[in-house]
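The values are calculated or read from the model by the stated rules, or taken from the named source; none is laboratory data. Quick caveat, the model's predicted, so the values are computed rather than measured. Cβ sites come from the backbone with ideal geometry, for glycine too, and all protein chains shown count toward neighbours. Surface accessibility is based on the protein's heavy atoms, side chains included, excluding ligands, DNA and RNA. Shrake-Rupley method; radii C 1.70, N 1.55, O 1.52, S 1.80 Å.
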Amino acid sequence: MTIINLETIGQLNRQETIILDCRNIMDQFDESKRLVQRDAVEHAVHIPQMPYMFKFDGLNEGRHPVPEMSVVDALYETLTEGGRYDVLLFADENSFFHTRLYYLFLLYGHKAYLYNDDLAALKDMAEEFRKVDVELPIQFESTESSFKEDIYRSMEEVHERLDANVLLIDVRSEERYLGISEPVDYKKGHIPGAVNIPNGKIHADGVIDFNALDDVMEKIRTYEEVIVYCGSGMSATPMFTLLHHNSINAKLYAGSFSEWITDDSNTIETAPNTL
């Protein structure tokens with residue numbers, strides 16, 4: 001089990017596990033640092049959002065492109081000393097930065113644990129975990145990216161699957177999905193055929209509720225593949241994590257809506273679709 005809560009955290013050898021503080025404020029790099037400094041967690045290593053969770057010259061054309069393999073490999077190797085230690089990822093309430101890094105580690109074949117429970121309780125036991133003094137890598141070899149898990153979908157691949165037995169899930173708010181409001185992107189609406197399951201439906205008390213979709217899971221399982229997306233591929237990772245944990249053949253459209261709208265030939269819907 002790679003999803004860890006207070007009942008299962010005893011499975012980890014804490015002296016062989018490094019806790020990674022993934023708390024960040026989207027696109028606010030200095031404020032993210034100040035956030036962590038104001039509320040430091042003992043023995044935790046803070047992972048900035050850029051370039052480790054997205055990289056502007058990464059693999060797709062959305063607002064937050066997926067980093068190349070060399071970036072994620074270098075981060076993992078540095079933190080774990082070549083796989084010698086485990087890593088446990090956490091963030092704050094209703095966040096997605098830890099699930100984004102969890103997804104990237106999985107994508108490139110690295111083992112990671114995701115903490116999904118009360119943050120205050122983890123803080124209380126944080127000093128029991130391994131303390132490390134590490135400088136995160138800032139230079140990366142330019143090598144071809146090779147996905148170790150088939151969990152990534154490009155814009156071209158989404159196009160190919162629009163008429164197949166594939167379910168598209170848009171996790172943005174209903175207002176953004178329907179094109180009523182759009183605070184970030186310059187076009188409104190959603191990818192044709194997508195259904196809307198907002199992130200708020202899968203969170204309970206600040207953590208992912210892995211039973212949240214039990215009422216529709218049987219229907220979801222009828223699809224050959226489920227592709228999740230959001231605005232830029234960041235906030236869709238909690239939904240990906242929930243589906244993947246439930247053995248659904250889930251993929252992340254990493255470019256998401258912000259990439260979809262860069263091609264004027266791509267159509268957009270505003271009418272709702274039902275599961």
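In what order, largest first, do ASP57, ASP215 sit by accessible area if the probe radius is 1.4 Å? Write out the running numbers ahead of the final one.
On the way: ASP57 100, ASP215 130 Å².
From most accessible down to least: ASP215, ASP57.
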**Item:** Mean shadow area of the chain, taken as a quarter of the surface of its Cα convex hull (nm²)
**Value:** 14.2
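Considering the convex hull of the alpha carbon atoms of segment 113-243, report its projected area averaged over all viewing directions, in nm², one decimal.
Working: hull surface 47.7 nm².
If you wrap the Cα atoms of segment 113-243 in a convex hull and average its projections, you get 11.9 nm².
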**Fill in**
Expressed in square angstrom to the nearest 10, the accessible area of HIS245 with a 1.4 Å probe stands at 80
**Fill in**
If N is the residue count of segment 194-275, its Cα Rg over 2.2 N^0.38 Å rounds to 1.13
**Prompt:** If you build a Gaussian network model of the chain, linking Cα atoms that sit under 10 Å apart, which residue out of THR241, THR99, THR78 swings the most?
**Reply:** THR78
**Request:** Before anything else, pin down the relative contact order of the chain: Cα pairs under 8 Å, at least 6 apart, normalised by residue count, whole percent.
**Result:** 22
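According to the square roots a ≥ b ≥ c of the eigenvalues of the Cα gyration tensor, what is the shape class of segment 155-229, taking rounded for a/c under 1.5, prolate for a/b larger than b/c otherwise, and oblate for the remainder? Provide the component values of the computation, followed by the final result.
On the way: a/c = 2.31, a/b = 1.05, b/c = 2.20.
Here segment 155-229 falls in the oblate category.
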**Request:** Could you work out how far apart the two model spin labels at THR222 and THR274 are, taking each label as a point 7 Å from the Cα in the direction of the beta carbon, and quote it in nm?
**Result:** 1.2
**Request:** Round to the nearest 0.05 the FRET efficiency obtained for ASP263 and GLU42 when R0 = 41 Å and r is the Cβ-Cβ distance.
**Result:** 0.30
**Asked** Amide H to amide H, which residues 5 or more places from ILE25 or on other chains are under 5 Å from it, using H placed in the peptide plane?
**Response** SER32
**Item:** For segment 1-151: rounded, prolate or oblate by the Cα gyration tensor [a/c cutoff 1.5]
**Value:** prolate
**Asked** Taking 0.36 nm per intervening residue step and subtracting the Cα-Cα distance, what contour gain separates ASP92 from ILE151 on full extension?
**Response** 18.8 nm
**Complete:** With a Förster distance of 51 angstrom and the Cβ-Cβ distance between ALA164 and GLU31, calculated FRET efficiency to the nearest 0.05 equals 0.75
**Message:** Please state the shape class of segment 90-170: rounded when a/c is under 1.5, otherwise prolate if a/b exceeds b/c and oblate if not, all from the C-alpha gyration tensor.
**Reply:** oblate
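Sort out the exposed loop chymotrypsin sites (Phe, Trp or Tyr not before Pro) in the chain (DSSP loop, at most 13 other Cβ within 10 Å) and tell me the longest stretch that has none.
Details: sites that count: PHE56, TYR186.
In the chain, the maximal stretch lacking such sites is 57-185.
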**Item:** Hypothetical label at ASN211: residues of segment 1-32 whose amide nitrogen lies under 18 Å (7 Å Cα-Cβ projection)
**Value:** 3-8
**Prompt:** For a paramagnetic label modelled at 7 Å from the Cα of GLU127 toward its Cβ, which residues of segment 34-75 fall within the zone defined by backbone nitrogen distances under 11 Å?
**Reply:** 42-43
